[in-house]
Amino acid sequence: MKKLLAILGAVGVTATGASVVVACGNHNKEEKINLSSIIIKKDLGKLADAKEDTVKAALLKENPTLKTDEIKLTIPATKAVATANYTVTVEPKPDSKVYQGKVEGITFNTQIEVENTKIKIDSVKAAVGDIAGKENLDAVNIELAGKLSNATEGNVLKNISSLTAAIKTGTQTDVIVKVTAKKGYKLDSDTFEIAGAIVKPTISEGLSEVIKTTDLGTLDNAEEATVIDALVAKNPSLKKDHIKVTISNGVVAKTHEQTTNYTVTVGPKENDDFYNGKVDGITFNTKANIDDEVVSKTTIDNEIAKLNENGKTYNTTQEATDAIKKVETEEFKVSDATLKTDSIRGLSNQVFNITVQAKTGYVLANDIQDGKTTVELKIGTIDVITQQSVLDLVNAKIKGNNVYFENENNLNDALAAIVKPTGVESITGELADGSNDSLETKSVKITVSKKADAQFEANWDGKFTVEDVQIGKIDEVDVTDAIVKIRELGGKDYVDQPALQKAVEEITNKVNKNIVVTLTDITSTFGFKDHKIKVELSSKRSDIKLINNENVELSVRFGSVALISTVLKDNTEITGVQEADVVGVKAAVEAQFTVLAGHIVIADIKEVNPQNYADLTRKYTATVKAIDNDKDYTGSVSINFSIVFEQVDVKNIVDFLINLADNTLTQDQVKSNINQIIKEQQLKDKVTYKITEDQTNPLKITIELLPTSNNIELVNNQVVTKTVVIAESKFSYSIISDKYSN
C-alpha cells in the first residue's frame, strides 16, 4: 500500500486536501505586472502528473511570456481516483520584482492507475455510535444523516457518502444500516447492525375494529387527502396519521351525470405499529355532469365493416345475420339485421339492412338519426385449391423419361388438357430461360388461375416451379445401314475385344458420333477361341433418337492374349480394400484373383454418391486394365468395392469451442484448451485441428477439426470462429517519492 500511495502521490490525483506552496518575496508594486494580464489560457488539459515543474511547463507553453521563476503555485492534493481534476492558483513569489496580483481557476487533469483506500465497517459503526429508542425508522435515518453531515476532518464518516437504515427482518426494534463509501474508498463490508434503535411498539389495534363504515358516498374528488378525511368523518376514532390508502383506478359509469366508482384498501403506514391488518372493499364515487356524445354514421359503418376483414365468407344467411347482431361497442349496439335480397345461389355478395341503437350517454348523429344502415357480406361456400393437388396433376402430365415438348406452346397445350380440380380456371406454364433447338431439361414456372368463387389455400399465391421438364427438338437417326455393316464384322479374327469395338465404332461414327457402342462377351472361354459378342447401340444425348435399331450378336475369334474379363467379370465386388487408392485397390484385386498378379493396373477410382456422407460404408468403382503389351492379358473391366469408415462424434469438442469466451484468451491459450479437450475426449489419435487467422484481422481466427486419417469421418463437426487477444506486456512501476504517501 505504501508503494502504491507513493506512486499515486508522484503522478497526481483528485479530491481535496493539503496544498503545495512555493513561496517567494515582494517587489515595488508600481513596477510589477499583474499576472492576470499574462496568464490568459487557464485550461492546461491533460498532464502527465501534478508536479510543480510539470504544471509550470504547461503554463509557459500556453502563456509564452510568463516568467515561471517569478511565480509560486498552489496545487491542491487529491485522493486516488482514475482521473484527477485540479484547480491551480498562481501568485508572484514573495520577492518577485516582476509580477503582482494572482490568477485562480487554472485547470488540468491527470489519469493514473489507482487503488481504493480500505475502510473497516467496524470503524464506521463506532463513529456512528449509539442510536436507541427512536419512535420509528424515519427518526433513525434522520439521526444517521445528521451524523454524516456533521462529521469533521479525521472522522471516518467524512469518507462515507450515505447511511441508510432498514428494519431488520423478524424484529421491530433492530435496524440494518447500509453504508456507501465515497470514491477512492472501499469498505470491507457494507452493512452493520444497531440493536434497539427503535422503541418497542405497544400492542397495535386492528383496523377492522376501527373502520366500521366502508361506504363513503359521493366525494368531491378522488384525492388521497379527500378520501382519508371522509374515512375519519365516517369512522371518528380512526387516526389518519397512522394509515395509508390505496385507491383503485376509477370505473366510469356513463350517464347524463358521469359517475366514477372507486374502491379503497386501508392499511397501516409502513414501519408504523399503531394499527395492524387491513380493510378492503371501502367504496366511494365522484359525479360530473356531461353531455351525450354524438355517434356518427361513419363510426358505426366502420365498426360493422370489420365483419368483412381478411376476406371473411359466411356459409349461410343465418350465420351472417347472427354475426351482425353481435356487433356492439361502448357507443352503440345492433338491434336488428335482415337480408335485403330474396335468395342466394352459390357464392355472392349480399346486402343486409341493419338497425342500431345508441347506448346511454350517446346519441346518433343526424346522418343516421333513424338508426338505419346497410352492410354487404359474402355468403355461400367457396372452393379451396391446394398446391399439392395441382402439382401432382402437372407432374404427371409434363414429366417423365419419354415425355418432352418441342417448345413452350406444345407444353401449354398439354397443360390445357389437364382435367382441372374444382375451382381452377386455367393452368399455364412459362419456361424459366426460354426455348432452344436441342432437347434439354428446363425449369417451368406454373401459374394457376382460380375461378371467382374459389380461393387458394393459406400461404399460396397460385404459383410454383416444376424442375427437369424436357424441352427442345428431337433428331431421329436411322441406323439401318450401320446394323447391316456391323453384321458383316462377324466370322472374323480380332486381336481382342477392344479391336472389335474399334471396328464397330468406325461404322457408327460415320452415321453419328453421338452413338454409343456397347459390346458384351456372352461366352465363357478365353484365348484363341470362338466368342459370341452382343453389340448394342444407344444415344448419348436425349435429343437424338435411334430408329430401326436392334441388337446384333457376332461370332468372332480373338487372339491368344486373354481378355481380363474372362478372369475378372465386369462389376465384380472386390473385398479387403483398405484404402481407396491405386496401391490399396490393386493389392485387393490381386489377392482375390491371384492369376492377375503382375498383369494389371488400376485407374478411374470414383466414389459412388459422394454426397451421402452419413453412410459408414462408402462404395467405390474403379477400372482394372491389363498392363500395356502384357503377354497374357488384354482389355479392361469395371470393379466395385467398399470401405468401412469410422464415424467419430466431435459434438462435445465443438460445443466446448463455441462456449470459449471471446476477447479473453490468446491464440496459444486457445490451442492449449483444444489440446486438453481432445485429450479428455480420448480422441488424440483420431482428431486434430487447424487454426486460420483472418487476413484482415489477425485476432479473428477460425478453428477447423480434422480427422487424422482418410477413413475417419467427423460427425457433428463445424468450423468455429473466435476472437483472441494479444498477450499483455509485463511492466513494473518505480517508486518516485514517498512524500505523497499520506
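The values are calculated or read from the model by the stated rules, or taken from the named source; none is laboratory data. Just so it is clear, the model here is predicted, and its values are computed rather than measured. All Cβ positions, even for glycine, are placed from backbone atoms using ideal geometry, and neighbour counts span all protein chains on display.
Scanning the range 659-684 for residues that are under 28 Å from the mean Cα position of the chain (by Cα) and exposed (fewer than 12 other Cβ atoms within 10 Å of the Cβ) turns up 659, 661, 663. On the stretch given as the range 630-655, residues that are within 30 Å of residue 682 (Cα to Cα) and in a strand (DSSP E or B) total 7. Cβ-Cβ distances below 7 Å connect the following pairs, each with a first residue in the range 265-276 that is charged (D, E, K, R), a second residue that is assigned to a loop (DSSP other than H, G, I, E, B), and a separation of six or more residues or different chains: 272/136; 273/172; 273/201; 273/204.
Taking the condition in the same structural domain as residue 216 (by TED's automatic domain parsing) and among the aliphatic types (A, V, I, L, M), does residue 304 pass?
Answer is no for this residue.
The condition (being touching a residue at least 40 places away in the same chain (Cβ under 8 Å) and of a type outside the set (S, T, N, Q)) is satisfied by just one residue among 639, 602: 639.
Annotation: of all residues in the range 120-159 being in contact with a Ser or Thr (Cβ under 7 Å, 6 or more places away or on another chain) and among the hydrophobic types (A, V, I, L, M, F, W, C), the one that is modelled with the highest pLDDT is 121.
Anything in the range 171-183 that is surrounded by 19 or more Cβ atoms within 10 Å (Cβ to Cβ) and either polar (S, T, N, Q) or more than 13 Å from residue 137 (Cα to Cα) (or both)? List them, or say none.
Selection gives 179, 181.
Considering the range 538-558, the residues that are of a type outside the set (Val, Ile, Thr), within 24 Å of residue 490 (Cβ to Cβ) and surrounded by fewer than 15 Cβ atoms within 10 Å (Cβ to Cβ) include one that is modelled with the lowest pLDDT, namely 557. Listed by first and then second residue, the pairs linking a residue in the range 350-361 that is modelled with pLDDT under 90 to a residue that is small (Gly, Ala, Ser), with Cβ atoms under 8 Å apart and 6 or more places separating them unless they lie on different chains, are 350/320. When the range 210-228 is filtered for residues that are surrounded by 15 or more Cβ atoms within 10 Å (Cβ to Cβ) and either outside any loop (DSSP other than H, G, I, E, B) or in contact with an Asp or Glu (Cβ under 6 Å, 6 or more places away or on another chain) (or both), the ones remaining, listed by number, are 210, 216, 226, 227, 228.
Within the option set 355, 374, 381, being part of a loop (DSSP other than H, G, I, E, B) and out of contact with any helix residue (DSSP H, G or I) (no Cβ under 7 Å at 6 or more places or on another chain) holds for one residue only, 381.
Here the range 467-508 is the region considered, the condition is being in contact with a Gly (Cβ under 8 Å, 6 or more places away or on another chain) and in a loop (DSSP other than H, G, I, E, B), and the residue that is farthest from residue 536 (Cα to Cα) is 495.
One line per residue, one yes/no per condition, for (1) under 19 Å from residue 276 (Cα atoms); (2) touching a helix residue (DSSP H, G or I) at 6+ places or on another chain (Cβ under 8 Å); (3) of a type in the set (D, E, K, R):
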| residue | (1), (2), (3) |
| --- | --- |
| 123 | no, yes, no |
| 135 | yes, no, yes |
| 158 | no, no, yes |
| 179 | no, yes, no |
| 187 | no, yes, no |
| 193 | no, no, yes |
| 211 | yes, yes, no |
| 224 | no, no, yes |
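Residues of the range 282-317 that are among the hydrophobic types (A, V, I, L, M, F, W, C), closer than 17 Å to residue 361 by Cβ and part of a strand (DSSP E or B): 288, 294, 295. Look through the range 51-75, keep the residues that are surrounded by fewer than 17 Cβ atoms within 10 Å (Cβ to Cβ) and either of a type in the set (Lys, Arg) or touching a Gly at 6+ places or on another chain (Cβ under 7 Å) (or both), and return whichever of them is modelled with the lowest pLDDT. Ranking the qualifying residues of the range 51-75, first place goes to 67.
In a residue-by-residue description of the range 296-308, the property of being loosely packed, with under 13 Cβ neighbours inside 10 Å and either on the phi > 0 side of the Ramachandran plot or modelled with pLDDT under 90 (or both) applies to no position. Only one of the numbered conditions (1) in contact with a Ser or Thr (Cβ under 7 Å, 6 or more places away or on another chain); (2) of a type outside the set (Ser, Thr, Tyr); (3) crowded, with 16+ Cβ neighbours inside 10 Å; (4) assigned to a loop (DSSP other than H, G, I, E, B) is not met by residue 196, and that is (3). Of all residues in the range 705-719, none satisfies being more than 25 Å from residue 616 (Cβ to Cβ) and either at pLDDT below 95 or surrounded by 13 or more Cβ atoms within 10 Å (Cβ to Cβ) (or both). Of all residues in the range 475-497, those that are farther than 25 Å from residue 404 by Cβ have Cβ atoms under 8 Å from Cβ atoms of residues that are assigned to a loop (DSSP other than H, G, I, E, B) and modelled with pLDDT of 85 or more, 6 or more apart or on another chain, in 483/548; 483/549; 483/550; 496/635; 497/635. Of the residues 579, 573, the single one that is at pLDDT 90 or above and either closer than 30 Å to residue 486 by Cα or not assigned by TED's automatic domain parsing to the domain that holds residue 491 (or both) is 573.
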